[in-house]
Amino acid sequence: QVQLVESGGGMVQAGGSLRLSCIASITRFGHYVVAWFRQCPGKEREFVAATNWNAYSTIYADSVKGRFTISRDNFRNTGYLRMTNLKPEDTAVYYCTTGTSDLTRNGDEYPYWGQGTQVTVSS
């Protein structure tokens, strides 16, 4: 059974930083894209960032480009999202996802999802 567990969320002030982690219990983790999405109450899920199997290719939402960095450690089956210069509009539940080899912003193409971790940024 595939399981993704996120951690690292919390409450920070605007301008602060957090690093999210996602541990995946999935075989062939190193073959898949790892991505992060987020969702605010009452809003649709939003793509944040994704990285290919060796982290040589990454894509970001325009709203986080230059502030967030996605990375991965295939030996530890773990994905990361480093978030800096956080803004109140970054407040959301952040979800880790994997299971496709396509570097895509389309959440429907990812079959496996974690439960999410809350990030709250106060002004």
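Below, the figures for the structure above:
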{"quantity": "Pairs with Cβ under 9 Å, 6+ apart, first in region 110-123 and closer than 23 Å to Thr78 by Cα and outside any strand (DSSP E or B), second at pLDDT 95 or above and charged (D, E, K, R)", "calculated": "Gly114/Glu6; Gln115/Glu6; Gly116/Glu6; Gly116/Arg38"}
{"quantity": "Verdict on Ala35 being within 23 Å of Ala14 (Cα to Cα), open to solvent by less than 40 Å² (accessible area, probe 1.4 Å) and in a strand (DSSP E or B)", "calculated": "no"}
{"quantity": "Matching residues in region 47-70 - criterion: being assigned to a loop (DSSP other than H, G, I, E, B), at negative phi and either surrounded by fewer than 19 Cβ atoms within 10 Å (Cβ to Cβ) or among the hydroxyl-bearing types (Ser, Thr, Tyr) (or both)", "calculated": "Asn52, Trp53, Asn54, Tyr56, Ser57, Ala61, Asp62, Ser63, Lys65, Arg67"}
{"quantity": "Residue count, region 4-32 (criterion: in contact (Cβ under 8 Å) with a residue 24 or more places away in the chain, surrounded by fewer than 22 Cβ atoms within 10 Å (Cβ to Cβ) and not in a strand (DSSP E or B))", "calculated": "9"}
{"quantity": "Those residues of region 51-104 which are touching a residue at least 60 places away in the same chain (Cβ under 8 Å) and among the charged types (D, E, K, R), in sequence order", "calculated": "Arg82, Lys87, Asp102"}
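The values are calculated or read from the model by the stated rules, or taken from the named source; none is laboratory data. Model, not experiment: these values are computed from the prediction. Glycine also receives a Cβ, built like all others from the backbone with ideal geometry; neighbour counts cover every protein chain displayed. Areas reflect the complete protein model, heavy atoms only, side chains present, ligands, DNA and RNA absent. Shrake-Rupley method; radii C 1.70, N 1.55, O 1.52, S 1.80 Å.
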